[in-house]
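The values are calculated or read from the model by the stated rules, or taken from the named source; none is laboratory data. Keep in mind that what you see is a predicted model, and the values were worked out from it rather than measured. Ideal geometry is used to build each Cβ from the backbone, glycine not excepted, and the neighbour counts take in all protein chains shown. Quick note on the areas: whole protein, heavy atoms, side chains included, nothing else; ligands and nucleic acids left out. Shrake-Rupley method; radii C 1.70, N 1.55, O 1.52, S 1.80 Å.
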Amino acid sequence: MTHPYETLPEDRFWRSAVADRDALDIAGLWKPKLRITRKDRIVTAGSCFAQHFARALVARGYRWTDFEPGPSGLTPALKHDYHYGTFSFRTGNIYTPRMLRQWLTWALTPTPTPEEVWEQDGRFYDPFRPGVEPGGFASAAELQASRLDTLAAIRRGLKEARVFVFTLGLTESWRDRETRVEYAVCPGTIAGTFDAERHEFVNHGYDALLADMKSVLKLMWRVNRKLNILLTVSPVPLTATASDQHVLTATVHSKSLLRAVASTLVQGQARVDYFPSYEIITHPAYHGQFYAPNLRSVLPEGVDHVMKTFFQDQAARFEAIPAAPPTAEPPDINLQTAAGDDPDPPEMSEAEELRCEEEILAAFAPDVRNG
Amino acid sequence: MADALPRVCIFGDSHYACLKQAQVRGLADLSGLDLEYWGHVGTRFRHLAFRDKAIHPTDDFTARRFAKFNAKGRLFLPATDFDAILVMGARVYVAPTILSLLHAQSHGPVVSAGLRHRMLADRMRGQMGYRLAAGLAASGPRVLLAPVSFPTEGVVPKPVLATAKVAASDPQLLAEYWALLTAIAAEDGITLLPQPADTVTAGCFTRADFAVAGHVARKDYEHKNPAYGAAVLAQALPILRQVSRGP
């Protein structure tokens, strides 16, 4: 051997791994540390791209678990509108490591949740998930009670899951100057009132992001030492920036820091892995083909390719190990005795139909035409 | 004389049989109404469509089945032929949503007022029978709707039993849900008839007194007897009698 590059596999060389290939044939982008099987309970949280993960896992028969599914009998439309089933918990989007740290602190430690609520036209919005309740809650008490449900779901989810998938979204956020509590969105946008005296913009730097993620890991592992964490970075650019930078450079700044934090954690922690969905969507090798014309929204084809890569790379790394069969989830209590999830009741069985006919015949006989 | 009476139709699935039985047995006085029945088993409701101010079967077989039990042999039901229509059962189920809400009340999760309203509204409006009733109401006649009753007591899956305890301990909950349903129906021009209170037991079941004969042996916890029909008619008749005959 004359030098170390001589014996490297072809995926370490740009020409053979990227330039000479069709973008969709680029393979082996992920060298997973951890095997994820259909038996493992998986929870997802983070920015909006995380919801695609959940759907793809469910579609492939993986054990993604919704720890806050809402009351029984919700239609898909209601689940969507009320943000049930989007993530494993009804937190809405968690964009920053600090927001995740806050949720976990409230869920897993005695730290009380802030009393602050945003009132608008007699309705009440949760500053930490203002979008989950269309039109807002009826009262502050209802809001707080609902939030307690979410915190309980987080507690249970972290204890029972084996894999926590978190999509890192942003470094920019808004917080209360005095309490340093961070909001999900800038006050005054979805709800609330912006007060320049009280609210301040923060663009977290690398050290702060890393410190928050380390705290997150510590909190998680305190309740579940076996929990594995799979990080991704959202490829969705910032809608707007409050920094003094162009939104494009602000996006690159934000995503680069998050990506660097992910790598640092992967290098330092055996139970933390990173899946490169961000690279697949954003890298010039893919010629932007996975973005919608607004160059922001990710097309379904992009999500499909990301998830195909996920499953292929898992198989490539662990293919020698036979997959464990899926574990059956205990069925949800189904109170939809007659109507099911379909608002229109299902077809009746022959016996049921006969019973129904008997009722009518008994009523209208002997003169069937006596109505 | 009949020309002066309000024209009333009782339209429904097999649940409407108990109304007819109540009439035949003299448990309800339906005098003063120019009355017709038009209905058939729930399975056939998937073969009904509302268009041109009328309910039309979408195939000949279904049309003949409905006509069989109508005095005039009607193959379809024109809303404008009636001053009032009582929709009975018609595969409109509210009990599953009510049970779900009661279960959440006792076991969680917290269901916000907004979600309670949407659950009840979406479920009810999503059902074919309800949409037929709304179509009738939008076409002129006064429309009353008596949804399918609670299951008869005795058929008690464990989670429902726990739910029933909650319902029974706080009758205000059930009253709230019926009030919401009534308001939602009113938005669609429908007068909703909540299940008569004296037929209800344990919050969300129908008393066995109102079950069809031999319901246990027949495993029929859904259909009700003439006494139940009379109870529904007792709610409906005062309203129907106020309706004037149209031109």
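I'm trying to understand the selection: among the residues of the stretch B:65-116, which are more than 9 Å from chain A (Cβ to nearest Cβ), closer than 30 Å to B:LYS165 by Cβ and without any contact (Cβ under 8 Å) to a residue 60 or more places away in the chain?
Once the filter is applied, which keeps residues that are more than 9 Å from chain A (Cβ to nearest Cβ), closer than 30 Å to B:LYS165 by Cβ and without any contact (Cβ under 8 Å) to a residue 60 or more places away in the chain, the stretch B:65-116 yields only B:VAL92.
Taking A:ALA141 as meeting all but one of (1) open to solvent by less than 10 Å² (accessible area, probe 1.4 Å); (2) small (Gly, Ala, Ser); (3) closer than 26 Å to A:ARG198 by Cα, write down the number of the exception.
(1)
Pick from the stretch B:213-233 the residues that are of a type in the set (A, V, I, L, M) and open to solvent by less than 70 Å² (accessible area, probe 1.4 Å): which of them is farthest from B:SER31 (Cα to Cα)?
Restricting to residues being of a type in the set (A, V, I, L, M) and open to solvent by less than 70 Å² (accessible area, probe 1.4 Å), the top hit is B:ALA227.
Taking the criterion of being open to solvent by less than 50 Å² (accessible area, probe 1.4 Å) and farther than 22 Å from B:ALA185 by Cβ, would at least one residue in the stretch B:81-104 satisfy it?
Yes, the conditions are met somewhere in the stretch B:81-104.
Quick one: A:ARG369 ticks every box in (1) under 30 Å from B:HIS223 (Cα atoms); (2) charged (D, E, K, R); (3) modelled with pLDDT of 70 or more; (4) out of contact with any Asp or Glu (no Cβ under 6 Å at 6 or more places or on another chain) except a single one, so which number is it?
Among (1) under 30 Å from B:HIS223 (Cα atoms); (2) charged (D, E, K, R); (3) modelled with pLDDT of 70 or more; (4) out of contact with any Asp or Glu (no Cβ under 6 Å at 6 or more places or on another chain), A:ARG369 violates only (3).
Step by step: first the residues of the stretch A:81-120, then only those that are within 20 Å of the chain's Cα centre (by Cα) and open to solvent by 50 Å² or more (accessible area, probe 1.4 Å), then the one that is farthest from the other protein chains (Cβ to nearest Cβ). Which residue is that?
The qualifying residue farthest from the other protein chains (Cβ to nearest Cβ) is A:ARG98.
Each row is one residue, and each column tells you yes or no for (1) under 20 Å from B:MET128 (Cβ atoms); (2) of a type in the set (Gly, Ala, Ser); (3) facing another protein chain (nearest Cβ under 8 Å).
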| site | (1), (2), (3) |
| --- | --- |
| B:ALA17 | yes, yes, yes |
| B:ALA22 | no, yes, no |
| B:HIS47 | yes, no, no |
| B:HIS56 | yes, no, no |
| B:PHE61 | yes, no, no |
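Grab the strands (runs of 3 or more DSSP E) fully contained in the stretch A:148-212, keeping just those with 1 or more residues being among the aliphatic types (A, V, I, L, M) and on the phi < 0 side of the Ramachandran plot.
Ranges flagged: A:163-168, A:199-203.
Tell me yes or no: at least one residue of the stretch A:224-246 is more than 27 Å from A:LYS33 (Cα to Cα), open to solvent by 70 Å² or more (accessible area, probe 1.4 Å), modelled with pLDDT of 95 or more and of a type in the set (Lys, Arg).
No, that holds for no residue.
Considering only the stretch A:160-217, state which residues are touching a helix residue (DSSP H, G or I) at 6+ places or on another chain (Cβ under 6 Å) and of a type in the set (Lys, Arg).
If the condition is that a residue be touching a helix residue (DSSP H, G or I) at 6+ places or on another chain (Cβ under 6 Å) and of a type in the set (Lys, Arg), then no residue fits.
From (1) under 25 Å from B:GLU153 (Cβ atoms); (2) without any contact (Cβ under 8 Å) to a residue 24 or more places away in the chain, pick out the condition that doesn't hold for B:GLY129.
Status for B:GLY129: all satisfied but (2).
Give me the residue from the stretch B:196-207 that is in contact with a strand residue (DSSP E or B) (Cβ under 6 Å, 6 or more places away or on another chain) and not in a strand (DSSP E or B) and, out of that set, most open to solvent (accessible area, probe 1.4 Å).
Only one residue tops the list, namely B:ARG207.
Which one of the conditions (1) open to solvent by 10 Å² or more (accessible area, probe 1.4 Å); (2) more than 20 Å from B:ARG91 (Cα to Cα) does B:ALA164 fail to meet, given that it meets all the rest?
Evaluating B:ALA164 over (1) open to solvent by 10 Å² or more (accessible area, probe 1.4 Å); (2) more than 20 Å from B:ARG91 (Cα to Cα) leaves (1) as the failure.
It is to be established whether one or more residues within the stretch B:128-140 are more than 15 Å from B:LEU192 (Cα to Cα), open to solvent by 10 Å² or more (accessible area, probe 1.4 Å) and facing chain A (nearest Cβ under 7 Å).
Yes; the residues of the stretch B:128-140 include at least one that is more than 15 Å from B:LEU192 (Cα to Cα), open to solvent by 10 Å² or more (accessible area, probe 1.4 Å) and facing chain A (nearest Cβ under 7 Å).
Looking only at the stretch A:154-210, filter to residues that are farther than 17 Å from A:TYR95 by Cβ and hydrophobic (A, V, I, L, M, F, W, C); which one of those is most open to solvent (accessible area, probe 1.4 Å)?
Out of the qualifying residues, it is A:PHE194.
Which count do you get for residues in the stretch A:23-80 that are within 14 Å of another protein chain (Cβ to nearest Cβ), open to solvent by less than 40 Å² (accessible area, probe 1.4 Å) and either assigned to a helix (DSSP H, G or I) or among the hydroxyl-bearing types (Ser, Thr, Tyr) (or both)?
3
Show the residue pairs that are 6+ apart or on different chains and have beta-carbon atoms under 6 Å apart, the first residue being within the stretch A:126-145 and within 16 Å of A:GLY70 (Cα to Cα), the second being among the charged types (D, E, K, R).
A:VAL132/A:ARG90; A:PRO134/A:ASP81; A:LEU143/A:ASP126
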